[in-house]
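The values are calculated or read from the model by the stated rules, or taken from the named source; none is laboratory data. If you're wondering where the values come from, they're calculated on a predicted model, not measured in any experiment. Cβ: placed from backbone, ideal geometry, glycine included. Neighbour counts: every protein chain shown.
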Amino acid sequence: MVKRNGNIIASIDIGSSKICAIVAEFDGESGKYRLKGNGKVPSKGLRKGTVVDIIETREAMKSAMSKAQNESETTISHVLIGVGGDHINSLITHPGINLSYRDDPEAALPQVKQEDIDILMEKAQQINLDPGREILRVIPQFFQLDNETEILNPLGLSGNKLSLDAYIIHAATTNLENLRKSVLSTGLNIAGLMLNSLASASAVLTENQKDLGVMLIDIGGGTADVTVYKEGILVFTGSIGYGGAIITRDIAQIAQIAPDLAEDLKIRHAWATKNMAEANGITDIKVKNVSGEADVWFDSRDLSEYVEARIREIFYLVRQLIGQQVHIGSLRAGIVLTGGTAKLKGISELAEELFGIQAIIGYPKAVPGLEECGLGPEYATALGLLQFGKPSAKNLPIGSSKGKIGNIFVKVYKFVKEKLF
């Protein structure tokens, strides 16, 4: 995502139903982006966020990036890639160290130095994951100094023991390696990997929402990614292996029509519930069957009934996913829905009914400097990835399980606080 021909940056969201590529230019003086090109094509080589056909995935990526490059009149060699799927998990680790009197042995208590913070950040990565797993991202949450908790930046404070709550996101090595191979086979270089849900959050959510407490549900084609923030801090990430593609598949099979036609009907004519379709006036629909030889008749109420069953199932699985880890009633900013399936009419109202809190549709207009970009929820991840390609973030590690988290904690924490928390 971060090849800078000057200040040109690019991203690819590799989804199960579509692949989105973005090319933008960053103006260092104004701190603003200018969208230069975008490309969106169907994706056939992934299932539930996992590559199942490298050749299909490669060709779709090449097509999407070609569209974006042609529109932007720019040649891209490096991209930042979004990573998703239900193979991604998380845990919280609590490394700690005893502080020592380095510079002033006469002091009453040792003082926290930059070296102490660096050691803690390194220790956070030294966890024993199961075989076949690797760290995708380490995110500092809070420090603790002796009995004082929830310290954001301990540099210069005095105490005896310093510890850290670090949120570790890890993924299946096989899945990541196949994704890397697919990208490299296009001739593009990978500048880094970033979790899809964090990218979407950076594009869609406001700092006020994160402070109040919010759950972002990014419903793509093959997965629904869930991210929760409370008091400005990332507290939960997770994914389920269901998305809008299964709704499209249901419609195609039941109505015996082509999948691309089923997708179009879902967005144009379906509502999130049968009752909503009835309340908004039933529309009769006539289309050709999959062979093109016969007419198929049904109405928007029937179509919405198919959709409703799956949307309810997706939201039920989200509730199961968060379980007891998230108290939904404490999320004062409610739920934000994004991703391509968020375009379904009435989906936010159904979410409010099922979760019991406010729900709205989140558009990627919150990306600084990309106002009036005119791109819908399906571009949330690709646009959010741009945040991690800013020149100010060029020294920060992206998706590396081997590299250091950072030599200067203040820069790392400031970046993570602004873009992830």
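A few points about this structure:
- Hits in region 145-164 (condition: in contact (Cβ under 8 Å) with a residue 40 or more places away in the chain and either among the basic types (K, R) or out of contact with any helix residue (DSSP H, G or I) (no Cβ under 9 Å at 6 or more places or on another chain) (or both)): G156, L157, S158, G159, N160, K161
For every residue, the table says whether it meets (1) free of Cβ contacts under 8 Å to residues at least 60 places away in the same chain; (2) out of contact with any Asp or Glu (no Cβ under 9 Å at 6 or more places or on another chain); (3) surrounded by 14 or more Cβ atoms within 10 Å (Cβ to Cβ); (4) under 27 Å from H87 (Cβ atoms).
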residue: Y242; (1), (2), (3), (4): no, no, yes, yes
residue: I246; (1), (2), (3), (4): no, no, yes, yes
residue: A258; (1), (2), (3), (4): yes, yes, yes, no
residue: E293; (1), (2), (3), (4): yes, yes, no, no
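- Selection within region 59-112 - surrounded by fewer than 20 Cβ atoms within 10 Å (Cβ to Cβ) and assigned to a helix (DSSP H, G or I): E59, K62, S63, S66, K67, Q69, N70, E71
- Between R268, R301, the distinction of being surrounded by 15 or more Cβ atoms within 10 Å (Cβ to Cβ) and over 25 Å from the mean Cα position of the chain (by Cα) belongs to R301 only.
- Any helices (runs of 4 or more DSSP H) falling wholly within region 252-341 and containing at least 2 residues that are of a type in the set (K, R): 259-269, 300-322
- Looking across L234, L265, one residue alone is more than 30 Å from P140 (Cα to Cα) and in contact (Cβ under 8 Å) with a residue 12 or more places away in the chain. It is L265.
- Residue satisfying condition, being of a type in the set (V, I, T) and in a helix (DSSP H, G or I), within set I139, I135, I127, I119: I119
- Within region 314-326, the set of residues being of a type outside the set (G, A, S) and within 21 Å of the chain's Cα centre (by Cα) comprises I314, F315, Y316, L317, V318, R319, Q320, L321, I322, Q325, V326.
- Per the listing S239, S163, the residue uniquely farther than 18 Å from L331 by Cβ, at pLDDT 95 or above and in a strand (DSSP E or B) is S163.
- Any hit, region 334-351, residues being under 15 Å from A203 (Cα atoms), at pLDDT 75 or above and touching a Cys at 6+ places or on another chain (Cβ under 8 Å): no
- When we screen L155, L179 for residues that are part of a helix (DSSP H, G or I) and not basic (K, R), the only hit is L179.
- Count of region 342-352 residues which are over 20 Å from the mean Cα position of the chain (by Cα), in contact (Cβ under 8 Å) with a residue 24 or more places away in the chain and not in a strand (DSSP E or B): 3
- Filtered by the rule that a residue be polar (S, T, N, Q) and either modelled with pLDDT of 50 or more or in contact with a helix residue (DSSP H, G or I) (Cβ under 6 Å, 6 or more places away or on another chain) (or both), region 373-401 gives T381, Q387, S392.
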